[in-house]
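Let me begin by handing over the structure; questions about it come next.
The values are calculated or read from the model by the stated rules, or taken from the named source; none is laboratory data. As the structure is a prediction and not an experimental result, all values here were calculated from the model. Because the Cβ atoms are built from the backbone with ideal geometry, glycine has one as well, and the counts that use them run over all protein chains shown.
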Amino acid sequence: MEQFLAGIEKRALVMAELATHDREEALDLVQDAMLAFASRYGRRPREEWPPLFHRILQNRIRDWHRRRRGRSRWWGRLGWKGDDDDDGVDPIQQAPDPGGRLPEEVLMGEDELERILAAVEELPLRQQQAFLLRVWEGLDVAETASAMGCSSGSVKTHLSRAMSALRRQLQE
């Protein structure tokens, strides 16, 4: 179980961060999803773990969006726009591990990855989910449908739209 969670943690954090645009919120969502997964599904067969974990994570992300939307409506009526408190980012934690590659290769790879992640961030939430679960996580259509809580046809539609939008954005 620990090995599975350690292997999926970074990718799950990126998914949550793309969906929330807030690293701290993303960390909370991933931690909450991991705790819920471990407490409820630890005894299930290992091959069932990826779709189950992603289902929990995607539900947490959707719940976060619902709460956020409700709060913004409520606070918006009161004239409050929220605080702009930004603690900054720890550059040591953000430093990439080059893994023996040349600095030029690392920078080129990071630049391409940043472009792709920025394009994914612009997608609607359901398209983001379909793209990240199918392409990045490698789940099949049925597992992705289970994780997203929708039909296989819906996954295919969201993924097709996401791929079209990403192609357009990245070709520009």
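On the basis of being touching a residue at least 12 places away in the same chain (Cβ under 8 Å) and crowded, with 16+ Cβ neighbours inside 10 Å, does Arg46 make the cut? Walk me through it before giving the result.
Working: touching a residue at least 12 places away in the same chain (Cβ under 8 Å): yes; crowded, with 16+ Cβ neighbours inside 10 Å: no.
For Arg46, the condition - touching a residue at least 12 places away in the same chain (Cβ under 8 Å) and crowded, with 16+ Cβ neighbours inside 10 Å - is not met.
Identify all residues within region 134-147 that are hydrophobic (A, V, I, L, M, F, W, C) and at pLDDT 90 or above; write none if there are none. Steps first, please.
Kept after step one, since they are hydrophobic (A, V, I, L, M, F, W, C), are these residues of region 134-147: 135-136, 139, 141-142, 145, 147.
Once the filter is applied, which keeps residues that are hydrophobic (A, V, I, L, M, F, W, C) and at pLDDT 90 or above, region 134-147 yields Val141, Ala142, Ala145.
Look at region 136-150 and say how many of its residues are surrounded by fewer than 20 Cβ atoms within 10 Å (Cβ to Cβ), hydrophobic (A, V, I, L, M, F, W, C) and closer than 20 Å to Glu47 by Cβ.
Kept after step one, since they are surrounded by fewer than 20 Cβ atoms within 10 Å (Cβ to Cβ), are these residues of region 136-150: 136-138, 140-142, 149-150.
The next check asks that each one be hydrophobic (A, V, I, L, M, F, W, C); those that pass are 136, 141-142, 150.
Checking the rest, the ones that are also closer than 20 Å to Glu47 by Cβ come to 136, 141-142.
Total satisfying the criteria: 3.
Still on this structure, please answer the following. Need the failing condition index for Pro91 against (1) under 21 Å from Met15 (Cα atoms); (2) modelled with pLDDT of 90 or more, just the number.
(2)
Here is a list: Arg11, Arg23. Which entry is touching a residue at least 40 places away in the same chain (Cβ under 8 Å), among the charged types (D, E, K, R) and closer than 16 Å to Ala147 by Cβ? Break it down stepwise before answering.
On the way: Arg23 fails: closer than 16 Å to Ala147 by Cβ.
After applying the criteria, what remains is Arg11.
Could I ask something else about it? Limited to region 28-53, what total is found for residues that are within 15 Å of Asp63 (Cα to Cα) and in contact with a helix residue (DSSP H, G or I) (Cβ under 8 Å, 6 or more places away or on another chain)?
Kept after step one, since they are within 15 Å of Asp63 (Cα to Cα), are these residues of region 28-53: 28-33, 36.
Adding the requirement that they be in contact with a helix residue (DSSP H, G or I) (Cβ under 8 Å, 6 or more places away or on another chain) leaves 29-30, 32-33, 36.
Residues flagged as within 15 Å of Asp63 (Cα to Cα) and in contact with a helix residue (DSSP H, G or I) (Cβ under 8 Å, 6 or more places away or on another chain) within region 28-53 amount to 5.
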